[in-house]
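Nothing in this text is a laboratory measurement; each read-out follows from the coordinates by a stated rule. Please read all numbers here as calculations on a predicted model, not as lab measurements. Cβ atoms come from the backbone with ideal geometry, glycine included; neighbour counts cover every protein chain shown.
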Ligand code: URA
């Protein structure tokens, strides 16, 4: 087999065979295909796409390129959740303890943040003492006993994706639905869960800017899952502004705890109930999302979800009393307030600009080695659809020093747009599973 012929075939819009795709991935991992040929292949896929069968084989080959995680020692259906990333996305911190409180085992492996999207591991490590490097024995013990544990990725999961993603990043081939679908799903398949709830973000703060693209990506991932023997639920949710009010690690932990107490921001609380509901249905703990939602709401009102979070924090070395005393969480040295430059209705808060401002405040990192300040970030005081006066505070900015605070303030101010009126979109924009797509809960398309 010859890599040049494979590239030419894709260039000429022909379908690749299983053997050709596996040959490509094995050459990527083994080093026999140089970067320029890998890049040419990626560009051909980016332009000409792939069939569902090609994507399923590519994903399987990438998933099998490294270690896989065995969760078979945990009884019951193991459900994973994945979000395609977004500013202020702290859903795992709320959904995992809620689902565990409803009896679903949550064995979660998470990553660190890079660029504008924060990582769950960083958020949790802002809790004093919290350990995300667990031994496999501890991980299993906690899940068996308390139904919840979270650890950083230790195994060499989907190395083919690492190599391909690094090249996509520098060759303009990131925005390709087949490549994104294979990238996300290869890691999910290798992580061993039976069922996966995928939250595909759509809007300014997301990879997918249009609803059509977001739905297509969700559908492709559902199909890949089904072809690889996993049940996948794809939901498309609105990301036209940061999620909730808090952006930044310790600030997001505090907002997550408030949400577990039933006092979280409306948009974020709604998203947690949507994702949690599909997780309970996927794990066969509820017959439908209405029943699941009632169970999740009960776990918040009776305090069992918060209690599960406290237990989770304690198991992993953290201080559970942070839930009662937020003063134990790291805080930033400098606070500034961003003031509205005009009177009007907030019509837009650009996700990428907000994320960049968070990096300026030292709440996020640009390169893997950057150090983050756990107490830094923002608290948004007004969101899309809110009427504000000139001079009214729009956001609190927290940073380790004056210079970072000023830079963050300047960048954050550029994220806002104002007008006379603004449309507030619903959180759930579409849902897809193996049966079809819904844009409305009762209407399948
Ligand atoms: N997230 C991933 O893991 N891979 C992509 O290609 C895009 C988003």
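Brief remarks follow.
- Sorting 437, 47 from the fewest to the most surrounding beta carbons within 10 angstrom yields 47, 437.
- Cα Rg, Dmax, the stretch 287-428, angstrom units: 18.7, 53
- Spin-label pair residue 47-residue 333: with each label point 7 Å from Cα along the Cα-Cβ axis, the two points sit 5.2 nm from one another.
- Gyration tensor (Cα) of the chain, equivalent ellipsoid semi-axes in angstrom: 34, 27, 22
- Hypothetical label at residue 348: residues of the stretch 60-90 whose amide nitrogen lies under 18 Å (7 Å Cα-Cβ projection): 87
- Against the chain, whose longest principal axis comes from its Cα atoms, helix 35-48 is set at around 80 degrees.
- One decimal place: the segment residue 319-residue 403 gains 27.1 nm when fully extended, by the rule 0.36 nm per residue minus the C-alpha distance.
- Note on 376, 53, 110: ascending count of other Cβ atoms within 10 Å places them as 53, 110, 376, the fewest first.
- Antiparallel beta bridges, as assigned by DSSP with both residues in the chain, represent about 60 percent of the total such bridges.
- Distance between the modelled labels on residue 174 and residue 141, one decimal in nanometres: 4.1 nm (7 Å Cα→Cβ projection).
- Extended-chain gain in nm, criterion 0.36 nm per residue less alpha-carbon gap, residue 287 and residue 392: 33.1 nm
- Computed on the stretch 263-333, the Cα convex hull volume stands at 121 Å³ per residue.
- Tilt relative to the chain, helix 402-413 - C-alpha long axis, 0 to 90 degrees, to 10: 70 degrees
- Spherically averaged projected area of the convex hull of Cα atoms, the stretch 141-245: 8.4 nm².
- Between 0 and 90 degrees, the angle of helix 136-146 with respect to the longest Cα principal axis of the chain falls at about 60 degrees.
- Helix-only CD estimate at 222 nm, as mean residue ellipticity for the chain, using -39500 (n - 2.57) per DSSP H run (n ≥ 4): -13500 deg cm²/dmol
- Label-point gap, in nm, between residue 17 and residue 417 - each point 7 angstrom along Cα→Cβ: 5.0 nm
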